[in-house]
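Read through the structure below, which is laid out as C-alpha cells, and then see the notes.
The values are calculated or read from the model by the stated rules, or taken from the named source; none is laboratory data. Treat the numbers as computed from the prediction; the structure is a model and nothing was measured. Note that we place each Cβ from the backbone using ideal geometry, even for glycine, and neighbour counts take in every protein chain shown. Calculation scope for accessible area: heavy atoms of the full protein, side chains included, ligands and nucleic acids excluded. Shrake-Rupley method; radii C 1.70, N 1.55, O 1.52, S 1.80 Å.
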Amino acid sequence: MTQLWDFSGGIHPAEHKEISTARPIRAAGLPKRLVLPLQQHIGEPTEALVAVGDRVLKGQKIADVPSGTGVPVHAPTSGVIESIADLPVPHPSGMTDRCLVLKPDGEDQWQSRQPIPDYRSLDRDQVLQIIRDAGIAGMGGAGFPTNIKLRPPRDRKVGTLILNGAECEPYITADDMTMREKADRVVAGLKIMAWILRPERCVIGIEDNKPEAIAALRQAIEGTQTEIAVIPTKYPSGGEKQLIQILTGMEVPSGGIPADIGVMCQNIGTAVAVANAVLDGSPLISRVVTITGDAVRQPGNFEALIGTPIEYLLEQAEVDQSAVSRLVLGGPMMGYTLTTEAVPVVKTTNCVIAATAEELPAPPPEQPCIRCGQCAEACPMELLPQQLFWHAKATEFEKAEHLNLFDCIECGACSYVCPSSIPLVQYYRFAKGEIRIQRAEQIKADRARERFEARQARLEREQQEKELRRKERAQAAAEAQAKKAAEAEKAAESSEAGDERAAKAALVEQALARKKAKAEAARPEEPAQAPVEEAPDIESLEKQLTQARAKLETMQGMLDEAKAQQADNVDKLERAVAKNHDRVQRAEAALSEAKQSQAGQQAESQTTQ
C-alpha cells in the first residue's frame, strides 16, 4: 500500500458532487456559433492564421503563437470564419478579448490526421512537438503549455510522475466521470508522458469519495507498475503542492516548482488529450464540462467543443433561468461569478454552477477581524492570512510579499472559515495584482533608465572623441608651425653663414691680389713696369649684395607674418632680420670699397701713360 502523508490545514465543505454524477457524459452537440478566444493559456496570445470568410476543416490549425510560450488553437468543427472581433471571454473582470467566430456547416469534416500508435519509434522531441501542435495546455489549472511542462531542465530529473485525480473542489465532477468512462485513455496518456520523462514512479492520486473511478482505473492499470493512491477527502488535497506532499512527503520550496524536488503533476483531462493527440492525431478541440446547480433540471457532464457558449450548455442541461441567482465558472471555492452567459468554453473550463439564492447565498457584509486565528489553522500553505489581510488592506505590499504572499494558492479555505465574512482571497488577489503592476512599472522604468544612461554615455563618448580629434588637429597644426619656423630659422642661419663666408672670401681674394700686385711692383728685374693691382671682382660683390637684399626681404616678410599671427618664433625672426640687415650693409660696403679701388687703379694707369 502506498504510504501517505498529510498537509497542514484544510477544510471539509459540503461536496454536492452527487448532483452531476447520476448520468454518463453526454455529447453537448453543435451550437450555431463557436467563439474561440486567441488567448486560452498562460503565455503569449495566438495570432489568427485565417481570415473572415475562410472555410476551415475540423482539427485545422486556425491560430498559433509565432514565438514565445504558447500553443495553437484549432477549429472544433468544419465551417466558415464569420468574424474576428472583441467578445466576452472567461475572466473574473468580465473583460473582452480577440476571438474567432466560427459558423459550423454541419458536415463536421475532419482534416487529414496522422495517428502514431507506435510513438516509441519516434524521438522524444518529436512526440513533444506533436503534443505542442495539438494545442494541449494544462486542463486542471492555469493552462500551462503541456509540452513545456514535459520538458524540465536537464539538471532536474523527474523521479515521480503524479496524475491528479483528486478533484477536491465541491460540485466539480468532470475528472471523476472521465476516469470512470475513459480510464483506458487516462492510462494511455500517462504511459506516453512517462515514456517522455522516464520517472522512477508513476502514481494516480484519487480521493476516497470516488469509488467508481478508483475501480475503473485499477482495472486499467493491470499489468503496469502504475500505483493508485487513494487519499482522504479533504479540501484542497487536489492542489498540486498539497497532493505532492500527500503522496511523497516532500514540500515544494517557496517560490519553486515541483520539478525542483524531482516531481511532476499532470491533470486527468490533460492525459486524455495527450493520448488523443498521439494515438489518434486529434488536437484538443473539446473537453468535459460539469453543468450543475439547483437551478439546472438535467445536471451532468458534457463533452463540449472548445468555443461552445455557456448559454448553449445551460440550455442542454435545461436550466431554469428564473431560479438562477448566481452563475459561477469553476467551483464555489476558487471559481468566479460570470456576468454573462455568452462567454465560451475554453481549454481550462471544467465546471459551471447555476446556483439558486438558497444554494449559494450572497455573502454577508464584511465585519472587523476578531483575530480568532481560524484562517491560519485552515491555510494549507501555513501562511499568516490575518497579517496578509492587514498589509493588503493597508496597501503595504512589500510587507505582504515578505510574508510569502505569492505562496497563497487562493484556495479560499481562509475565507470559508472566517466568522467575520472577510473576503480574504479577494484582498490577496488585489495585492498580487498591484505587486505585478508595480513590478512591470519598475521593469519599464529600469529599461527607460538604462536607455537614458546608454544615450548619455554615447553622447559623452562622442564628445570625448570630438575633443580628442580637435586636440590632435591643434597639436598637428602646432607641430607643423614649429617645423616651419625651425626650417625658416635654419634657412636664415644657413644663408647668413654662406653670405658671410662669400664676403670674407672676396675680401681675402682682394687682399691677396693687392699683396701680389705690390710684390710684383717691388721686383728689381721689372723696374720699368708699375705694379698693377688686380681689379676687384665687382660682379661677384654685386651678386652677393643682391642675394643679401633678397634674403633680407624674405626674412622681413616672415617676421611680419609671424607678428600678425602672434607666433612663438617672432624673437628668432627679428634676430635673423637684424643679421641679414648687417649682411646687406657689409655687402654694400664691400662693393663700394671695390668700386673705389677699381676707380683708383684706373686713374693711376692713366697718369702713368
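Rounded, prolate or oblate: which one fits the range 77-170, using the alpha carbon gyration tensor with axes a ≥ b ≥ c (rounded when a/c is under 1.5, else prolate when a/b beats b/c, else oblate)? Since a/c reaches 1.5 but b/c is at least a/b, the shape of the range 77-170 is classed as oblate. Rolled with a 1.4 Å probe across the full set of protein chains, the surface gives Tyr312 an accessible area near 40 Å². Rolled with a 1.4 Å probe across the full set of protein chains, the surface gives Glu251 an accessible area near 110 Å². Judged by the gyration tensor of its Cα atoms, with axes a ≥ b ≥ c, the range 284-438 is prolate; a/c meets the 1.5 cut and a/b is the larger of a/b and b/c. The residues of the range 36-187 expose, per residue, 44 Å² of accessible area to a 1.4 Å probe. In this structure the range 236-334 gives 28 Å² per residue of accessible area when probed at 1.4 Å with all protein chains present. Bridgeable aspartates and glutamates around Lys490 (alpha carbons under 17 Å apart, same-chain partners fewer than 8 residues away excluded): Glu479, Asp499, Glu500, Glu553, Asp568, Asp571, Glu574. Treating each Cα of the chain as an identical point scatterer and summing with the Debye formula, the log10 of I(q)/I(0) at q = 0.07, 0.08, 0.12 Å⁻¹ comes to -0.56, -0.68, -1.26. Distant-in-sequence amide contacts of Ser286, defined by a placed amide H-H separation under 5 Å and a gap of 5 or more residues or a different chain, comprise Ile306. With only the Cα atoms considered, the range 310-365 has a convex hull volume of 90 Å³ per residue.
Would the range 236-336 count as rounded, prolate or oblate if I go by the C-alpha gyration tensor, calling it rounded below 1.5 in a/c and otherwise prolate when a/b exceeds b/c, oblate otherwise?
Oblate, since a/c reaches 1.5 and b/c is not below a/b.
In straight-distance terms, cross-link reach from Lys103 covers every one of the lysines whose alpha-carbon lies under 17 Å from its own, apart from those fewer than eight places away in the same chain; here that gives Lys32, Lys58, Lys61.
Scanning the chain for long hydrophobic helices, with DSSP H runs required to stretch 15 angstrom or more by C-alpha along their axis and to average at least 0.0 on the Kyte-Doolittle scale, returns 183-197. Compute the label zone of Glu44 within the range 93-137: residues whose backbone N is under 18 Å from the point 7 Å along Cα-to-Cβ. From the range 93-137, the list is 98, 129, 132-137.
With every protein chain in place and a 1.4 angstrom probe, the accessible-area ranking of Leu338, Leu403, largest first, reads Leu403, Leu338.
What does the convex hull of the alpha-carbon atoms of the range 399-476 project to on average, in nm²?
7.4
Heavy-atom accessible surface of Trp390, to the nearest 10 Å², is about 90 Å², with a 1.4 Å probe and all protein chains retained.
Within a straight-line Cα-Cα reach of under 17 Å, Lys516 can be paired with the following aspartates and glutamates, leaving aside sequence neighbours fewer than 8 residues apart in one chain: Glu525, Glu526, Glu533, Glu534, Asp537. Distance from the C-alpha centroid of the range 396-428 to that of the range 544-609: 109 Å, rounded to the whole angstrom. Carbon-plus-sulfur accessible fraction, the range 311-357 (probe radius 1.4 Å, protein heavy atoms only): 44%. For the pair Glu358 and Arg451, a Förster radius of 60 Å applied to the C-beta separation gives a FRET efficiency near 0.50, rounded to the nearest 0.05. Annotation: per residue accessible area for the range 348-450 equals 55 Å², rounded to a whole number [probe 1.4 Å, protein chains only]. A straight chain from Gln585 to Gln111 at 0.36 nm per residue would run longer than the Cα-Cα distance by 159.1 nm. Note on the range 75-121: with neighbouring protein chains present and a 1.4 Å probe, carbon and sulfur make up 46 percent of its accessible heavy-atom surface. Within the chain, Cys99, Cys168, Cys202, Cys265, Cys351, Cys369, Cys372, Cys379, Cys408, Cys411, Cys418 have no other Cys Cβ under 4.7 Å of their Cβ and so lack a disulfide-compatible partner by this rule. Which percent of the accessible heavy-atom area of the range 366-513 goes to carbon and sulfur, probe 1.4 angstrom? Percent of accessible area from carbon and sulfur atoms in the range 366-513: 53. Size estimate for the range 16-159 follows the Kirkwood approach: the inverse of mean 1/r over distinct Cα pairs works out to 17.3 Å.
Cα-based values for the range 536-609, radius of gyration first and Dmax second, are 18.1, 65 Å. If the limit is 31 Å between Cα atoms, which of Lys210/Lys393; Lys149/Lys444; Lys210/Lys241; Lys504/Lys572; Lys157/Lys399 go over it? Violating the 31 Å Cα-Cα cut-off are Lys210/Lys393; Lys157/Lys399.
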